[in-house]
Amino acid sequence: MPNHAPTRTRRLVLKQRDWAAAEAFAERHGWAEQSTEDSGTGRMSRIWVVDDEIHFQVTRDRASGEFTCFFYGTDRERLGELVEEAEHELDIWSPAELLEGPYEETDPRRLAQSVFRLGLGAPPIHSPEFMPPLAHAMAHEQPMVRAAAARATAYMEWPELFPIVKVMAESDADERVRAEAEKIVHVYRRAGLGDA
């Protein structure tokens with residue numbers, strides 16, 4: 001039975017960094033695309049109507065260039081079935097790959113990209129297994145990687161991360177990292193996920 005509070009599935013991070021795979025997936029299912037307007041943030045999204053209660057959304061993230069997709073609606077059981085279907089049909093970064101990426105990459109740029117994917121692919125609610133690779137990136141010697149880790153927490157939007165990002169904003173050794181973390185502190189506060 002549907003729960004009438006709207007919710008979304010976890011985002012699936014597509015390995016193919018364009019619209020083609022998700023578009024073909026939606027077309028195979030016969031879902032109609034609805035028109036969307038750019039929000040002005042530089043983040044682009046396309047949305048397909050699955051039924052009266054569920055939508056399929058694909059988004060290109062401005063900061064990372066990664067493409068993600070997810071379902072949202074009120075029928076939680078059906079949402080679960082649909083995301084499982086998408087996991088099997090689309091070429092996505094698996095949870096294991098997302099968790100291992102920050103440890104496997106040695107090039108700072110590739111490591112930062114893996115941290116973006118980690119944040120984008122994290123579940124909508126706090127999941128402890130995502131904390132060690134995130135902490136690894138937050139403690140990295142390269143400021144670029146620490147800044148990416150701060151930004152990745154904005155994708156996750158877990159209230160548990162707010163105090164950690166706040167400490168980065170106040171005390172990271174690099175001014176650019178502090179500035180990036182401060183932006184994320186404001187994101188959390190605007191979303192009502194941190195102190196006033």
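Would you work out the relative contact order for the chain, in percent, from Cα pairs under 8 angstrom that are 6 or more residues apart? It would help to have the intermediate numbers written out before the result.
Details: 325 pairs, mean separation 35.1, N = 196.
With pairs under 8 Å counted, the relative contact order is 18 percent.
Tell me the angle of helix 162-171 to the major Cα principal axis of the chain, expressed in degrees between 0 and 90 and rounded to the nearest ten.
Once rounded, the angle reads 30 degrees.
Enumerate the calculated ³J(HN,Hα) couplings along region 133-146 in order (Karplus 6.51 cos²θ - 1.76 cosθ + 1.60, θ = phi - 60°), each rounded to whole Hz, writing x wherever the residue is Gly or Pro.
With coefficients 6.51, -1.76 and 1.60, one gets x, 5, 4, 4, 5, 5, 9, 5, 5, 7, x, 4, 6, 5 Hz.
Would you look at the GNM of the chain, springs on alpha carbons closer than 10 Å, and say which of 59, 106, 74 moves the most?
Among 59, 106, 74, the largest GNM mean-square fluctuation belongs to 106.
Which one of 77, 23, 170 has the biggest mean-square fluctuation once the chain is modelled by GNM with Cα springs under 10 Å?
The residue that fluctuates most here is 77.
How much accessible area per residue does the chain have, in Å², with a 1.4 Å probe?
Values: 10130 Å² over 196 residues.
Heavy-atom SASA per residue in the chain reads 52 Å².
Would you kindly compute the Cα radius of gyration of region 15-128 and its largest Cα-Cα separation (Dmax), both in Å?
Computed over the Cα atoms of region 15-128, radius of gyration and Dmax are 14.8, 46 Å.
Gaussian network model of the chain, Cα springs within a sub-10 Å range: biggest mean-square fluctuation belongs to which of 101, 73, 30?
Looking only at 101, 73, 30, the biggest GNM fluctuation is shown by 30.
From the Cα gyration tensor of region 111-196, with a ≥ b ≥ c the square roots of its eigenvalues, which class applies: rounded if a/c is under 1.5, or else prolate if a/b is larger than b/c, or else oblate? Write down the numbers at each step before the final one.
Working: a/c = 1.75, a/b = 1.04, b/c = 1.68.
Taking the square roots of the gyration eigenvalues as a ≥ b ≥ c, region 111-196 is oblate.
Non-local amide H neighbours of residue 92 (under 5 Å, H modeled in plane, Pro and chain starts lacking H): which ones?
Correct list: 15.
Going by alpha carbons, how many degrees (0 to 90, nearest 10) lie between the helix axis of 95-104 and the longest principal axis of the chain?
For helix 95-104, the angle is close to 30 degrees.
Under the definition of Cα pairs under 8 Å and six or more residues apart, what whole-number percent is the relative contact order of region 98-196?
Details: 138 pairs, mean separation 23.9, N = 99.
Relative contact order for region 98-196 comes out at 24 percent.
At a 1.4 Å probe radius, which order do 56, 116 fall into by accessible area, largest first? Present the calculation step by step, with values, prior to reporting the outcome.
Working: 56 0, 116 25 Å².
So the residues, ranked largest to smallest area, are 116, 56.
Run the helix sum for the chain: -39,500 (n - 2.57) per DSSP H stretch of 4+ residues, divided by residue count, reported at 222 nm to the nearest 500 deg cm²/dmol. Each step should come with its number before you reach the end.
On the way: 8 runs with 95 residues, N = 196.
Result for the chain, helices only: -15000 deg cm²/dmol.
The values are calculated or read from the model by the stated rules, or taken from the named source; none is laboratory data. Predicted model, so just to flag it, every value in this text is computed and none were measured. Remember, those area values only see protein heavy atoms, side chains included, never the ligands or the DNA or RNA. Shrake-Rupley method; radii C 1.70, N 1.55, O 1.52, S 1.80 Å.
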